[in-house]
Amino acid sequence: MAERRKVIVLDDDPTGSQTVHSAPLLLRWDPDSLRQGLRHPSPLLFVLANTRALEPEAARERVREICRALRLVLEERAAAGELDRWLIVSRGDSTLRGHFPVEVDAIAEELGPFDATLLAPAFLPGGRTTRGGVHYLHGEPVHTTAFARDRLFGFRSSDLAEWVEEKTAGRIPAAAVERIDLADLEGPPESLRARLADLHDHQVVALDAEQPAQLESLGAAIWAVSDSSSARPRRLLLQTAASLINGLVPLPPQPLDAAGLAELRRRDQSGAPLPVLVMVGSHVPLADQQLEQLLQEPGCRGMELPVKTLARVLDGPVPRELLGSLEQSWLAELRRCLEQGLTPVLFTSRGELACASAQERRRLGQELAALMARLAAALAPELGLIISKGGITTHTLLADGLDQASVELQGQLLPGLSVVLAGDLPVITFPGNLGDAGTLRQAWQLVGTELAL
């Protein structure tokens, strides 16, 4: 009988499954939800923790809560003979933003100890590669890009060892970070296994990657050294972007190609495709460029949510009453757009509003995401498909707006651009940092016009 393995991915936003397909994405982590996820035939289970939207301490507590529930269910499944081995992945951003080391520390506290944490931020379809311990975005050191200037998760170096030292405030000095380079990954498999087997005392290891074959070699070595029957078994914790997941779990081609995914768009009783809604909550410069291009389409009409106005309302004496009135006005405008046969493009005003603190910035972001989710949920029965851009925006839409306990990952419409089913409603989960200026427009052209279908 084949070994029953499961790779469990704690995803800090809903976009980390962007290189795989046919897997469950859990938005809740109670024991019954986890049991159902572990019984799914996929070798992958994603738990959407949405920790990037939280303060560091809240992120730590959420990860610990998930891991405590997970530990009990894993022990239960193993005792029942339903699970032989598992690996745990903390999926983080491929442009190095997020709560490192908070989340891996929390996982280690609940599911450890681990001999090492492997740091693999490569996302190859998106041009995120690592060579010589330095992480690049389309050949440019990532610390020179706009992502490094993120007001919540900014950083100063593309050298992963230096990045670890910065993010741990010197607790792990750069000199203590091990490196596994391209030569190691392309060398004899037994040498790579020996490198992993030498790891101990929760070392941090920076991993190079430029090609899928390198990550496949790494994945095979990870499974080999984590086998309790091996000469020197090791427990490894993985902090990765999306591409290493493919190395751990080689998958067949996805069942539906892009045309098949576009056909998931719901139709009315006459067979005509129902309308599409586009939501843009991400505020990175790339999202601005993509929004600008999409709004050039005659079939799309923008509707801006003014962030400054919303911030004033939320800080005012009667925020819920005023916000409720504004919501009804915006909802009526969105419906008028649908009645005219257009695609409404709901977006927050561009740029970042200056906030008094990181906590205030996160609170405003959560309020904006919740507002967009409520508007989308009110329209959902009339829609054929939603394109949701931005991780926090998408998580809030799925978990709160559409009230989903889990969604089923179908595959990628474009490289890195996943389609999930929320019931029978397709949702395209569009990362803020994905693609080029024309990718959002291209996605809409694939699914948002009758000609596409």
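Tell me, rounded to the nearest percent, the portion of alpha carbon pairs in the chain spaced more than 29 Å apart. Write down the numbers at each step before the final one.
Working: 47521 of 102378 pairs.
Tail fraction, whole percent: 46.
Note on Ala220 and Thr449: the model spin-label points, each 7 Å out from Cα along the C-beta direction, lie 4.5 nm apart. With protein chains left intact and a 1.4 Å probe, residues in the chain average 40 Å² of accessible area per residue. With the convex hull of the Cα atoms taken as the outline of the stretch 1-66, the averaged projected area works out to 4.9 nm².
Cα extents for the stretch 234-279 along the principal axes, largest to smallest and rounded to whole angstrom: 58, 27, 14. Projecting label points 7 angstrom from Cα along Cα→Cβ for Leu326 and Gln36 puts them 3.5 nm apart. Where both bridge residues fall in the chain, DSSP classifies roughly 30% of the beta bridges as antiparallel.
Over the chain, with every protein chain in place, what whole percent of the accessible area is carbon and sulfur at 1.4 Å, could you tell me?
Numbers: 9140 of 17960 Å².
That fraction is 51 percent.
Taken over the Cα atoms of the stretch 282-333, the convex hull encloses 83 Å³ per residue. Once the other residues with Cβ under 11 Å from the Cβ of Gly432 are scored (Lys, Arg +1; Asp, Glu -1), what is the net sum? Once positives and negatives cancel, what remains is -1. Relative to the longest principal axis of the Cα atoms of the chain, the long axis of helix 285-294 lies at roughly 40 degrees. Stretching the chain fully between Arg28 and Gln293 yields a gain of 91.8 nm (0.36 nm per residue, less the alpha carbon separation).
Within the stretch 88-232, the ratio Rg/Rh, alpha carbon atoms throughout and Rh by Kirkwood, equals 0.95.
A straight chain from Glu76 to Arg171 at 0.36 nm per residue would run longer than the Cα-Cα distance by 30.6 nm.
Computed from Cα positions, the angle between helix 212-225 and the longest principal axis of the chain comes to roughly 50 degrees. For Glu304 and Arg131, the difference between the fully extended length at 0.36 nm per residue and the C-alpha to C-alpha distance is 58.2 nm.
The values are calculated or read from the model by the stated rules, or taken from the named source; none is laboratory data. Quick caveat, the model's predicted, so the values are computed rather than measured. Note that we place each Cβ from the backbone using ideal geometry, even for glycine, and neighbour counts take in every protein chain shown. Just so you know, the surface numbers come from the protein's heavy atoms only, side chains and all, with ligands and any DNA or RNA stripped out. Shrake-Rupley method; radii C 1.70, N 1.55, O 1.52, S 1.80 Å.
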